[in-house]
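The next block holds one structure in the form of structure tokens; read it before the comments.
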């Protein structure tokens, strides 16, 4: 079951706090992972590990 946008934001905030990163850093890292084909982002649903 996909998570809501609110819980996705909470997870991003959790990553920021846990690793002491800025929001921009987390977003940049996710963008690089998407460009490498390692994760896929579904708008309004979340970011998931790519299969295959």
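When region 33-52 is filtered for residues that are free of Cβ contacts under 8 Å to residues at least 40 places away in the same chain and surrounded by fewer than 11 Cβ atoms within 10 Å (Cβ to Cβ), the ones remaining, listed by number, are 35, 36, 37, 43, 44, 49, 51, 52.
A quick yes/no check of all residues on (1) in contact with a helix residue (DSSP H, G or I) (Cβ under 7 Å, 6 or more places away or on another chain); (2) assigned to a loop (DSSP other than H, G, I, E, B); (3) at pLDDT 85 or above:
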position	(1), (2), (3)
6	no, no, no
25	no, no, yes
30	no, no, yes
34	no, no, yes
37	no, yes, yes
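The values are calculated or read from the model by the stated rules, or taken from the named source; none is laboratory data. Treat the numbers as computed from the prediction; the structure is a model and nothing was measured. Neighbour counts run over all protein chains shown; Cβ positions are idealised from the backbone, glycine included.
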